[in-house]
1. Only bridges with both residues in segment 161-313 count here: give the DSSP antiparallel percent, nearest 5.
2. Which order do peptides 132-140, 68-76 fall in by mean Cβ count within 10 Å, highest first?
3. Give a residue-ordered list of calculated ³J(HN,Hα) values for segment 38-52 (Karplus: 6.51 cos²θ - 1.76 cosθ + 1.60, θ = phi - 60°; whole Hz; x for Gly, Pro).
4. Among the lysines, which fall within straight-line cross-link reach of Lys33, defined as a Cα-Cα distance under 25 Å, with same-chain neighbours fewer than 8 residues apart omitted?
5. For the cross-link pairs Lys114/Lys199; Lys199/Lys323; Lys114/Lys271, which exceed 30 Å when the distance is taken from alpha carbon to alpha carbon?
6. With a 10 Å radius around each residue's Cβ, average the other Cβ atoms per peptide and rank 102-112, 161-171, highest first.
7. Mind listing the phi-derived Karplus ³J(HN,Hα) values for segment 290-296, rounded to whole Hz, using 6.51, -1.76 and 1.60 with θ = phi - 60°, and x for any glycine or proline?
8. Fully extended, how many nm does the chain gain between Leu336 and Ile208 (0.36 nm per residue separation, minus their Cα-Cα distance)?
Amino acid sequence: MFGDIVYTFYTVGIFVLMEDKMPWQMRSAMELKKEFVQLALQPGTNFRGLCRRFGISHTVGYKLLGRYLDEGDAGLLERSRRPLRSPDRMDSGTESMILEASRQWPVWGARKLKAWLERQGHALPAASTIHTLLCRHGRRSPAMPAQQTGRFEHEAPNQLWQMDFKGHFETGAGRCHPLTLLDDHSRYLLCLSACTDEKRQTVQSRLIEVFIRYGLPERMIMDNGAPWGDNPASWTKLELWLMRQGIRVGHSRPYHPQTQGKLERLHSTLKSEVLQGRYFTDMEQAERAFARWRQDYNQQRPHEALGQQPPITRYRPSSRDYKPNPAPPQYDVSMLVRRVDSNGRISFKNKVIKIGKAFIRETLGVREEKDEGIYVVVQHKSRID
């Protein structure tokens, strides 16, 4: 397809033109370069034309000729293409330190390892350079995950806590139901507990421990259904107990897990860093693993949304104390007080209003709003309906 011309490529990028009627002659790159420079030095040589005949650019031609004039045959030897200076190249000590950190935190990517080591006073190259090192040693896939942006968060700690159960898993002693509780502002993991069930008494006992240690939040959001509850017609005893502590209660939208996006992301991280490929013989073993990981998550693990700082750098306990025996409800004299019957209902203006069985035998206040004919049912300062 090329007529009478055959092209042979050599590593130096020089093409030799030979007629196919002539026998093939294998010539080394060194021989070709010597011939080129000797022809180039001949008086009256068309240098650019000579370069075209040898299949190289005039830039490469001048470089070869210059090296030959400076160093003789030695200037034509193949040279390393490694740059003379590599400002971003790591020394062996830094590489060893990064690989050791990667062994300690095998799930962390380049950005987290960089932030963690820099907090200890080490000077490190760019995260992309660290990522390349990890890929070279089989610790990461070539594609580096993009940094996420555009997250919403509350302005201060304890303004909102997110609570849910992560999907249960089997242990040697039965199913484990991990209960998680996260502060929205700081991403501080307030609770990670291995529970044997998802009953109200179990959740309440864990929350008491959290409230004693960290105080009370202003508001809590949780999933729908038992033991949480999801609407005024089915308020649960857990919600009533929280409201007595002065905590406002909310719920995520059904079939919209992104409402508790931070908690969903936590669950994904918990699965990949603790649960995946692991089997626990009993709840105690799971609880110990949870406790170790929770400490690392809060105090060591860099978080992208926090500028690669761990959650503990942004969290502080609440100033509101837990009350084991809160005072009974007190209502303003302008309110009408109603007692909830054994069916979870109250009577008001000749109407029966369903409140919920969680309020059986409780007293509630009914307050008229500014708009005539609209009433709000409250217990303490918490709105019920």
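1. Percent antiparallel among DSSP bridges in segment 161-313 is about 70.
2. Going from most to least packed, we get 132-140, 68-76.
3. Couplings: 5, 5, 5, 7, 5, x, x, 5, 7, 4, 5, x, 4, 4, 4 Hz.
4. The reachable lysines, counting only those whose Cα sits under 25 Å from Lys33, are Lys21, Lys63.
5. Table pairs above 30 Å Cα-Cα are Lys114/Lys199.
6. 161-171, 102-112
7. Coupling constants for segment 290-296: 5, 5, 5, 5, 4, 5, 5 Hz.
8. 42.9 nm
Rule-based calculations on the coordinates, nothing more; no lab input. Worth saying up front: this structure is predicted, and the values here are computed from it rather than measured. In this analysis, Cβ positions are derived from the backbone assuming ideal geometry, glycine residues included, and neighbour counts consider all displayed protein chains.
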